[in-house]
Structure formats: structure tokens, C-alpha cells
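Here the structure comes first, spelled out in C-alpha cells, and everything after it is commentary.
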Amino acid sequence: MSETRIKIAVDAMGGDNAPHEIVGGAIRAAAELDVDILLVGEPDAIQAEMEKHGNTVNNIEIVPADGVVSMEEEALVGVRRKPNASINVSMNLVKENRAQGVVSAGHSGAAMAAALLGLGRIKGIDRPAIGAVFPTMYANKSVIVLDVGANVDCKPKYLEQFALMGSVYSKYVLEVDDPKVGLVNIGEESTKGNELAKETHKLLSNNPRITFAGNAEGRDVLSGDFDVIVCDGFVGNVLLKFAEAVGEIMLQIIKEELPFGVRGKVGTAVLKPNLKRIKQRIDHAEHGGALLLGVNGVCIVSHGSSQAPSIYNAIRIAKEAVGHNVIERIQNDQSFTRAKQLTVDS
């Protein structure tokens, strides 16, 4: 394996479809994305799956691990009880600089716990956030929404930090010159919403390091008017699951209705390239997973039900985050410590 190319550790045992789909996505990524893959888990099971997929790439290494933190286990207890579990070994590879990022479709709480214990928080960040990239009404324009599940209960300063981290990601990975931040709320006015929303609105409005564009109602999240959307993890997770469901319903409706009748069948054949682009824009599998921002390493949290295409795209996201030095940029950005100090002083 190359010593200069980006190396991504993939938790081969995490997820509902592990290790078959995980290995399949990793093999495709190793072949197409110019990255080296460290598949972490039970060696015999991984090797058997690689043979099933007809693996012909030579830039995949199997790293042994013992056990997995199951979805039924309490995250922190499971991570501490099983130090050699695949998620812990994956994080240790980043800690030891043997890999630059981790992808896991396993227990998301365990991934967060393992990242916090193994990699630690970035200075100035009180709570890491899971940031998911959503499509918008405009082609080639995305919005990052955070938090989508790491912190069910939040304080205003947490959301302020989410806005700062999301702005860094939007600027350097999504290539937005001046990311516009929106705060999820039930109305545009600053006086609307619960106490969390109103207090967060004040912090975002007064932070010169953030381009705060105001409150974002539910209909505004995917409008393209915002580049970064912040909310607590409860609201964000509902948004994420709802958006995924809408995307699946739209794809199913198109699949059922478009070929209806002779004209529909002819039209479907003609529109096949367009339909492929539609799928790429709204299918959550094309977005792969969400980035855990705020820890000292790149960590991508994928769906527990992820199949090979999702794992492939999760590895792509990890590569982009590493290539754009997202973690280093957040670590070196003094606005986080400034924001924390301002909150303390106030």
C-alpha cells in the first residue's frame, strides 16, 4: 500500500449488512477513488467476502479486530467493555496515524463514544456534532445540516459552535466563499421559537465570524438560500429521516408512474440519463454518511442499513474531508476559542 495516499479505516463489521455490503463498497472505493483501505474486523469473514466480490485490487489491507458494539448495547459501556471491537480499532488507527479517517455504519453512538475516547475533542468545542449534507433546489448546491443526532439536548453555545464548524466545512469542502448560516425555527422573526432558538439567534447575530442569514423555517432548509443549517440533534435527526423518506417516495413514484402506458415506456427510455441524475440528487445513498465534526480526526457515520453504494460514497466524503484538511482548519481556527470566551464573559 502507498505511504503517500490517503488511508481510510472502514469498520467492516458495523451495520445491518456487514460485512458483505461494507466490503463491496470498500472494494469499489479502493478501485475508483485513489485511496488505500484498511478493512477492520474479523479477518476470515472479511477475506471470504472479498473473494465473493471477486476482489482484484491490491490497495486493501485487513486489520484484525475482535467483536462489535451491537445496536442493543449502551454506546459508552460497549465501547469501554470491548477495547478490541472493530470501531475502537478503527479509531486507534487514526490516533496512531496509520489512517486519516474512519467510516462506520455501525452503532452511531458507539462511533461517537469511540471517537471522543480515542481521538478527543478539538479545543474550544464543547460537543461534537454530526453534519449531514443535503441536496437543495439548485443543482450542484448543497447545504450541511448539523447536528443531526449527536446531541439531543443543546445549549445555545453548542449551536454557535456547530455554525462555526459547518461554515469551515462549507467553505473548504463545498467551496462556498461566504457560507450563509440559518437557524432552524418556526418563524423568521428573532422573537419566535423556544428559549434555545431565541438565545442562539442572539449569539449568531453577534458573532462576527459567522455570516448569519437568520431563521430558517422547515420549508427553507432545502431552498438553497442557506449553506449551513444549525439545530439541536433531536430536530436535526427528524429532518434527516424525513428528507430521506421524501427522497425514497419521490424515486418510487417516478419509478411507478413514468413508465405507465406506451408513451411512458418510450419516454422512460429517452429520459434514462435524466432519471439517473435525479437519483443522484435525491437518493440519500449518494450522500454516503455524515461527518462527525468536533473530534480530532475524520469520522464518517453511515446509516446502519447502508449498502455498498453508501459505503463507497462515505469513503469519498472521508477522502474529501482529509484532502481539504477540515480537521486541521477547525483546530487552527481561533474563532472557536473566541466564541467560547465570549459566551463565558457574557
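The values are calculated or read from the model by the stated rules, or taken from the named source; none is laboratory data. Being a predicted model, the structure only gives us computed values, none of them experimental. Virtual Cβ from ideal backbone geometry, glycine too; neighbours counted across all protein chains shown. Keep in mind that these areas ignore ligands, DNA and RNA; they rest on the heavy atoms of the full protein, side chains included. Shrake-Rupley method; radii C 1.70, N 1.55, O 1.52, S 1.80 Å.
Brief remarks follow.
- A simple spin-label model places pseudo-atoms 7 Å from Cα toward Cβ; at Ile254 and Arg80 they are separated by 4.8 nm.
- Residues Phe234, Phe212 ordered from highest to lowest accessible area at a 1.4 Å probe: Phe234, Phe212.
- The chain: most fluctuating residue of His201, His324, His107 per GNM, C-alpha cutoff 10 Å: His324
- Within the stretch 192-211, backbone nitrogen closer than 16 Å to the virtual label 7 Å beyond the Cα of Asp153 toward Cβ: 195-197
- Extension gain, Glu328-Arg121: 0.36 nm per intervening residue step, less the Cα-Cα distance, totals 73.3 nm.
- Within the same chain, aspartates and glutamates fewer than 8 places from Lys180 are excluded, and of the rest, those with a Cα less than 20 Å from its Cα are Asp147, Glu160, Glu188, Glu189, Glu199, Glu217, Asp220, Asp225, Asp227, Asp232, Asp333.
- Exposed GluC sites (Glu not before Pro) absent: longest stretch of the chain, with sites in DSSP loops and at most 12 other Cβ within 10 Å deemed exposed: 190-346
- Neighbour net charge for Leu239 - beta-carbon separation under 13 angstrom, K R +1, D E -1: -3
- Charged-residue dipole, Cβ positions (Lys, Arg, Asp, Glu), the stretch 1-130 about Cα centre, Debye nearest 20: 600
- Beta bridges by DSSP in the stretch 79-223, antiparallel share as percent, to the nearest 5: 50
- Cα gyration tensor shape of the chain, rounded if a/c is under 1.5, else prolate or oblate by comparing a/b with b/c: oblate
- Normalised per residue, the accessible area of the chain is 47 Å², obtained with a 1.4 Å probe and no contribution from ligands, DNA or RNA.
- Cα-based shape type of the stretch 1-87, given that a ≥ b ≥ c are square roots of the gyration tensor eigenvalues and the cut on a/c is 1.5: prolate
- Within the shell of other residues whose beta carbon sits under 13 angstrom from the beta carbon of Gly193, the net charge comes to -3, with Lys and Arg scored +1 and Asp and Glu -1.
- Relative contact order computed over the chain (Cα-Cα under 8 Å; 6+ residues apart), in percent: 22
- Applying the Karplus relation 6.51 cos²θ - 1.76 cosθ + 1.60 with θ = phi - 60° to the stretch 56-62 yields 3J(HN,Hα) values of 10, 8, 10, 10, 10, 10, 8 Hz, where x marks Gly and Pro.
- Measuring between alpha carbons in the structure, the pairs from Lys123/Lys198; Lys123/Lys241; Lys141/Lys241; Lys171/Lys241 lying more than 29 angstrom apart are Lys123/Lys241.
- Of Gly67, Gly304, Gly187, the one that fluctuates the most in a GNM where the chain has Cα springs shorter than 10 Å: Gly187
- Taking amide H as placed 1.01 Å from N in the peptide plane, the amide H of Cys299 sits under 5 Å from that of Val102, Leu292, each at least 5 places away or on another chain.
- Other residues whose C-beta falls under 13 angstrom from the C-beta of Cys299 contribute a net charge of +1, scoring Lys and Arg +1 and Asp and Glu -1.
- Of the solvent-accessible surface of the chain, computed with a 1.4 Å probe and all protein chains present, 51% belongs to carbon and sulfur.
- The GNM of the chain, with springs linking C-alpha atoms under 10 angstrom apart, assigns the highest mean-square fluctuation among Thr211, Thr200, Thr56 to Thr56.
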